[in-house]
Amino acid sequence: MPSFDVVSEVNLHEVQNAFDQAERELGQRFDFRGTEAALERTEKGFTVVANSEDRVNAAAEVLKEKFVKRKLSLKFLDCKKAEPAGGQKWRMNIEIKQGIDKDNAKKVVQMIKDDKSLKVTPAIQGESVRVTGKKRDDLQEVIASLREKEFPIELSFNNFRD
């Protein structure tokens, strides 16, 4: 039976490339000189550090610009609020969101079930949603309808099998 998975996965190689480019730009731009602005990679994402709240926000914008240039969705980034980090330093944590959480998985399943013309079966499996059906065309229609809808997370489709 044909099936595919709806997932939310970011290309980590492209994320690393965007990080490297943003870090290089922070070191080269004149407006960041003397601000001690730094971008660090963490297990969950990134940490932006600078000597003022405005510089932290500007450095985060540089990272977002590099994400857009690398054709990565900004929906993968979860920017926290800039907070004082002691002394004259400010810090902002930016997390990378991966996987479909239960609430969004339920929304995806409900949207698929609401379209009564399609004879497919969605099922939540961990951090993905597996969609099975008898016809390949039905599955392709589900993919097209999900791409039209707006979700708070970036959806991608893989494991398409006949």
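The values are calculated or read from the model by the stated rules, or taken from the named source; none is laboratory data. Since we're looking at a predicted model, the values are computed, not measured. Positions of Cβ are backbone-derived with ideal geometry, glycine not excepted, and every protein chain shown enters the neighbour counts.
Condition first: assigned to a loop (DSSP other than H, G, I, E, B) and among the hydrophobic types (A, V, I, L, M, F, W, C). Can you find one or more residues in the stretch 122-129 that meet it? No, because not a single residue in the stretch 122-129 is assigned to a loop (DSSP other than H, G, I, E, B) and among the hydrophobic types (A, V, I, L, M, F, W, C).
Filtering the stretch 70-79 for residues that are over 30 Å from PHE160 (Cβ atoms), surrounded by fewer than 20 Cβ atoms within 10 Å (Cβ to Cβ) and within 24 Å of the chain's Cα centre (by Cα) leaves a non-empty set. Of the residues making up the stretch 137-146, those that are exposed (fewer than 13 other Cβ atoms within 10 Å of the Cβ) and either of a type in the set (Asp, Glu) or touching a strand residue (DSSP E or B) at 6+ places or on another chain (Cβ under 9 Å) (or both) number 1.
Within the stretch 3-48, how many residues turn out to be of a type outside the set (Ser, Thr, Tyr) and free of Cβ contacts under 8 Å to residues at least 40 places away in the same chain?
Filtering the stretch 3-48 for residues of a type outside the set (Ser, Thr, Tyr) gives 4-7, 9-34, 36-41, 43-46, 48.
If we keep only those that are free of Cβ contacts under 8 Å to residues at least 40 places away in the same chain too, we end up with 12-13, 16, 20, 23-24, 26-34, 37-41, 43.
Number of matching residues: 21.
When the stretch 82-110 is filtered for residues that are among the polar types (S, T, N, Q) and either farther than 19 Å from ILE143 by Cβ or in contact (Cβ under 8 Å) with a residue 12 or more places away in the chain (or both), the ones remaining, listed by number, are GLN88, ASN93, GLN98, ASN104. Of all the criteria given as (1) surrounded by 15 or more Cβ atoms within 10 Å (Cβ to Cβ); (2) in a helix (DSSP H, G or I), the one not satisfied by THR132 is (2). With respect to (1) modelled with pLDDT under 90; (2) part of a strand (DSSP E or B), the lone exception for MET92 is condition (1).
Counting only residues that are in contact with a helix residue (DSSP H, G or I) (Cβ under 6 Å, 6 or more places away or on another chain) and surrounded by fewer than 16 Cβ atoms within 10 Å (Cβ to Cβ), the stretch 42-69 holds 0 of them. Taken over the stretch 49-65, the criterion of being in contact with an Asp or Glu (Cβ under 8 Å, 6 or more places away or on another chain) and under 20 Å from PHE76 (Cα atoms) is satisfied by ALA58, VAL62.
Applying a threshold of 6 Å to beta carbon distances and a minimum spacing of six or more residues, or different chains, the list of pairs starting in the stretch 116-133 at a residue that is farther than 14 Å from SER8 by Cβ and ending at one that is aliphatic (A, V, I, L, M) and in a loop (DSSP other than H, G, I, E, B) reads THR132/MET1. Residues in the stretch 106-118 that are assigned to a loop (DSSP other than H, G, I, E, B) and surrounded by 10 or more Cβ atoms within 10 Å (Cβ to Cβ): 2 in all.
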